[in-house]
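What follows is calculated from the coordinates using simple rules that are stated; it is not laboratory data. Not measured: the values here are computed from a predicted model. For neighbour counting, all protein chains shown are included, and Cβ atoms are generated from backbone atoms with ideal geometry for every residue, glycine included.
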Amino acid sequence: MENNRESWGSKLGFIMAAAGSAVGLGNIWKFPFTAGNNGGGAFVLIYLIFVIFIGFSVMLTEFAVGRRKNLAAVGAYKSVDSRWTFAGVLGVLSGFLIMGFYPVVGGWALAYVFKVFGGLLTDPAAIGDVFGGFITNPVQPLIWMVAYLLLNVVIVVRGVSSGIEKAGKVLMPLLFGILILITIKGLTLPNAMAGVEFLFKPDFSKVTGAVVLAALGQAFFSLSLGMGCMITYGSYLNKQENLASNAAIVTAMDTAVALLAGLAMFPAMFSFGMEPAAGPGLVFVVVPSLFAEMGGLGVVFAALFFVALTVAALTSSVSLLEVVVAYLMDERKFTRVKSVITASTIMALMCVLASLSLGGVGPKLFGTGAFDVFDLLTDKIFLAIGGMLLCIFAGWRLDKEDLRKEITNEGDIAFGIFEFWYALVKYVIPVTIAIVAVSGIKSGFDSGVGAIMVIGVAIIAIFAAISKKL
Ligand code: PHE
């Protein structure tokens, strides 16, 4: 079986696919509004510290475990000890939950390509209301969500190297270029510097347990960590690749895009006099408003931006779908086609709930709608704890020398900070995540979401208890 495993066509293909997974709505849609909601500079600084010390190390661990075991997330855990199967299955659950709202936002991005041409920019004062009206509409966003999800299905059905790799290679650079363009435009507006200051000047009086947990969750979400995605991608990676440099490149690219997205949004927002805590509508309002000022050419750039955003989202969501699909294929012996259809149907139903919840329709959990519940459970709980479990697993359950061999390609390449990385993975990261999670859950009770977080922890405990049956 191991010899039949699909693998990446080339080194560039892997980096592009892994970076494609990392760079997505998390960077361009979520990062700016999360930074805005959490007070700006201090959040960004904490996020960067987490990315460097936790994100990079966890990504390297995921790559190493995936390639060493040559199996996707669940199989990799299970092959070592069936008591650990739950950690992999938790990742599959995260995949479902993230795909329970991600395609909703992907659908918005897709819809905006067309809305831009449909005259969205001609009435700049209405851009905010158009967005609000659109996402709370009970029908329209669902159509776009399904269209978006179908694009995922088509790519994932075609398998790893042919589908995902090609999409990533062509469209990632386009996104980067457009973001730079938007940033330049934004920085030339009056009062732009106030936005730069908001983003980079830390005000530590704003830091609470909730802010620190939000920064940790953002680091995991943005880097596609803590749910087995990079384990699965690593399992498709060939033995000659340098895992550490791949992890470093992907981490750096992802972080650069997030910071660039922040720089593209905040100067313009401050210039327009918008609230930094504008919420999920931020990119969908700021970017059209910015380009509305440019006249005819603005329409073209705005459309290009949303094309690129859709594609960035796609290269991420296909990796989420792939985790679930790999699980169904490897562990449940489904064919690829059957796996994709089963998974995407469930995801579509979850997305319907998520989308309707934005219009106030549908079931609520402790007063929170489906969209926010899916986001909260994954972003604040499952991914970080998934990362913590992976580190505990790698540090305490795997053989240190095996890890050394995997990361140094059996001694062929050097990895000078191996001992440092190992100490982080074995001790520092698990302890840090535990502390941040506990204090974040505590402050969650102030904002009424603590109970949902506790349910998340309970789900993990139940999974652990029935691990061998999963
Ligand atoms: N990293 C992706 C983004 O930023 C989202 C994602 C999370 C993808 C987890 C895969 C796994 O949009």
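For a quick protection proxy, order the peptides 300-313, 407-420 by their average other-Cβ count within 10 Å, most packed first.
So the peptides 300-313, 407-420, ranked by packing, come out 300-313, 407-420.
Think of the chain as a dipole: +1 on every Lys or Arg Cβ, -1 on every Asp or Glu Cβ, centred on the Cα centre; then among I452, W84, Y233, W84 lies furthest on the positive end.
Residues V428, V113, V65, V105, arranged from fewest to most other Cβ atoms within 10 angstrom of their Cβ, appear as V428, V113, V65, V105. Over the chain, Cα pairs under 8 Å with separation of 6+ residues give a relative contact order of 33 percent. Taking other C-beta atoms within 10 angstrom as a stand-in for reagent exposure, W421, W108 fall in the order W421, W108, fewest first. Candidate membrane-span-like segments in the chain, meaning DSSP H helices with Cα atoms spread over at least 30 Å of their own axis and a Kyte-Doolittle mean of 0.0 or above, are 165-187, 243-272, 296-332, 336-358, with no membrane implied.
Which Cα, out of I466, F284, G106, lies furthest along the positive dipole direction of region 11-469 (beta carbon charges, K/R +1, D/E -1)? It is I466. Rounded to the nearest 20 debye, the dipole size of the chain about its Cα centre is 940 debye, using +1 on the Cβ of Lys and Arg and -1 on the Cβ of Asp and Glu. Quick check on region 415-470: take the gyration tensor over C-alpha atoms, sort the square-rooted eigenvalues as a ≥ b ≥ c, and tell me if it's rounded (a/c under 1.5), prolate or oblate. Here region 415-470 falls in the oblate category. The translational diffusion coefficient of region 11-469, from Stokes-Einstein at 37 °C and 0.692 mPa s with a Kirkwood hydrodynamic radius over alpha carbon pairs, comes to 150 µm²/s.
Estimated from helical segments only, the mean residue ellipticity of the chain at 222 nm is -22500 deg cm²/dmol, where each DSSP H run of four or more residues counts as -39500 (n - 2.57). Each Lys and Arg Cβ is given +1 and each Asp and Glu Cβ -1; about its Cα centre, region 24-166 then shows a dipole of about 560 debye. Each of D129, D372, D379 has some number of other Cβ atoms within 10 Å of its Cβ, and from fewest to most they run D129, D372, D379. Straight-line cross-link reach from K405 at under 27 Å between alpha-carbon atoms covers these lysines, not counting any fewer than eight positions away in the same chain: K11, K69, K78, K239, K426. Look at the dipole of region 11-469 built from charges on Cβ: of V428, G66, L199, the Cα furthest out on the positive end belongs to G66.
Take every Cα pair under 8 Å whose residues are at least 6 apart in sequence, average their separation, divide by the length of region 75-225, and the relative contact order is 17 percent.
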